[in-house]
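Just so you know, all these numbers are worked out from the coordinates, no wet-lab data involved. Since the model is a prediction, treat every value here as computed from it, not as a measurement. Ideal geometry is used to build each Cβ from the backbone, glycine not excepted, and the neighbour counts take in all protein chains shown.
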Amino acid sequence: MTDTMVEEWRPAHADLTWANVTGPELCMIDWEDWGMAPRGLDAATPWGYSLAVPALAERVWSERRPDLESRSGLLMALFFCAKVAGPHAHPEDPLLKPARKEAARLIAELGDAGQRPHGSRPH
């Protein structure tokens, strides 16, 4: 069983979808949900919404690696996948298949993390 206790909390937008980011000059809008949240929530959200475009999802993960590869970041990525692939999943959702694949990877990584000495990362 994977420990899902979140120990790292940070200020967060908490609804950082692509619809809440404008350009060409960066501006984040729709701040009514901001507050304290698990580290990685604001990184996991745009990553998750990018899963149907693998190159974009990889770019988001790369840019936000420190947050996403923290233990709480992995949990937040899994949280996103669970919302997509959970009991109310829509079979036509383009995020469904990649979210299921990523959820399996994240569960394995979180399980492996519990077996490693504290502070060590996989190679």
Per-pair calculated FRET efficiency, R0 = 22 Å: Glu8 and Ile107 via Cβ, rounded to 0.05: 0.70
20 Å tail of the calculated P(r), the chain, as % of Cα pairs: 44 percent
Cut-off 13 Å between beta-carbons: net charge of the residues surrounding Pro46, Lys and Arg +1, Asp and Glu -1: -3
Difference of contour (0.36 nm per residue) and Cα-Cα distance, Val53 to Thr17: 11.5 nm
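Among Val84, Val21, which comes first, then next, by fewest other beta-carbon atoms within 10 Å? Mind dumping the intermediate values first?
Working: Val84 22, Val21 14.
By the 10 Å Cβ count, ascending: Val21, Val84.
First select every other residue whose beta carbon is under 15 angstrom from the beta carbon of Pro11; then total the charges, Lys and Arg +1, Asp and Glu -1.
Counting the neighbours of Pro11, the net charge comes to -4.
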For the chain, with +1 on Lys and Arg beta carbons and -1 on Asp and Glu, the positive-most of Ala12, Trp47, Gly35 along the dipole: Trp47
Computed label-point distance, nm, for sites Met28 and Ala89 using a 7 Å Cα→Cβ extension: 2.9 nm
